[in-house]
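Nothing in this text is a laboratory measurement; each read-out follows from the coordinates by a stated rule. Since the structure is predicted, the reported quantities are computational estimates derived from the model, not experimental observations. Every residue, glycine as well, gets a Cβ built from its backbone with ideal geometry; the counts of neighbours run over all protein chains shown.
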Amino acid sequence: MAAFMTPGIDPVELQKHRPQLVRFAMLQLRNATAAEDVVQETLLAALQSGASFGGQSSVKTWLVGILKHKIIDAIRKQSREQPLESGDEETDIEDLQDAVYGADGHFRETPADWGNPEAALNQRKFFEVLEHCMEGLPKKTARAFMMREVMGLETDEICKELAITASNCWVLLHRARMALRECLEGRWFAAGGAR
Amino acid sequence: MKLMLTCREASSLISEGIDRDLGIAERARLRVHLAICAACTRMTRQFEFLRRAARAYPGPDDEPRK
């Protein structure tokens, strides 16, 4: 074993997680090269700092933790160098709302009862559906949602990185939630996925 | 200020309530609406669930993916 590697961390084991990590990074960066880069950095950092892996979490959870930091760094760098072009359509939520609410402002169709959705959190398949739904979001909307809900950043930081106003940020997040709610309902909860 | 929110208006406040502190008036109006609206109450729970799901992403890693 090379001197820079830490005992207990198997490079082959790490590689097995690569596809999942790349999908994770792609969701947020929407750029294959950038996604490969952050995953590469993540695996390298994992190999070099294997000592920080106490075995208290799964290897995947540990890697995802490192990856989140690398993604945030990449987004900061990207927002300085080549900010996402502002697509007006992304901060416009009217079309989505028109589909859900009638002219009187009430639901056209009542949201379905999701039963006990927590059970889904134990199912691998559910996260594949969630991933698919997040992939369907527009670029900026996806990025805002992931920064907020997957990475747990506060909105003022998100506004700064995306160079948008706070109210645009709230609209993006609202839009993401509506779209994901709809997508999960159709593809998981109404499809009997919870069974 | 209108007293009653429509579901469409409530939806924005429900979502924003996850991301910022709502004002006293906003909270009061939302509370009144949710007290009488099962659909928006359901949606509130679903938005909150989305957060838990996103935090848990990419999920359990027992069975490897094909």
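Legend: ranking of residues A:17, A:69 from fewest to most surrounding C-beta atoms inside 10 Å; resulting order A:69, A:17. The fewest-to-most ranking of A:26, A:134 by surrounding Cβ atoms within 10 Å reads A:26, A:134. Which one of A:139, A:77, A:68 has the biggest mean-square fluctuation once chain A is modelled by GNM with Cα springs under 10 Å? Judging by the Gaussian network model, the answer is A:77. Summed over all non-identical Cα pairs, the Kirkwood treatment of the protein assembly as shown gives a radius of 19.8 Å. Taking GluC sites (Glu not before Pro) as exposed when DSSP calls them loop and at most 16 other C-beta atoms lie within 10 angstrom, chain A has its longest site-free stretch at A:1-84.
Over 22 Å apart at the Cα level, from the set A:16/A:77; A:16/A:125; A:70/A:125; A:77/A:139; A:16/A:70, are A:16/A:77; A:70/A:125. The distance between label points at residue A:33 and residue B:52 comes to 4.2 nm (points 7 Å beyond Cα on the Cα→Cβ vector). For chain B, the alpha carbon positions stretch 54, 23, 15 Å along the principal axes, listed from largest to smallest.
Amide H contacts under 5 Å for residue A:101: A:108, restricted to partners 5 or more places along the chain or on a different chain, H placed in the peptide plane at 1.01 Å from N. Within chain A, the whole DSSP H helices whose Cα atoms reach 18 Å or more along their own axis and whose mean Kyte-Doolittle score is at least -1.0 are A:32-48, A:59-81, A:166-184.
Going by neighbour counts of Cβ atoms within 10 Å, the residues A:71, A:9, B:24 line up, fewest first, as B:24, A:9, A:71. Computed over all pairs of different Cα atoms, the Kirkwood value for the hydrodynamic radius of the range A:11-81 is 12.2 Å. At an R0 of 22 angstrom, the distance between the Cβ atoms of residue A:122 and residue B:39 translates into a FRET efficiency of 0.20.
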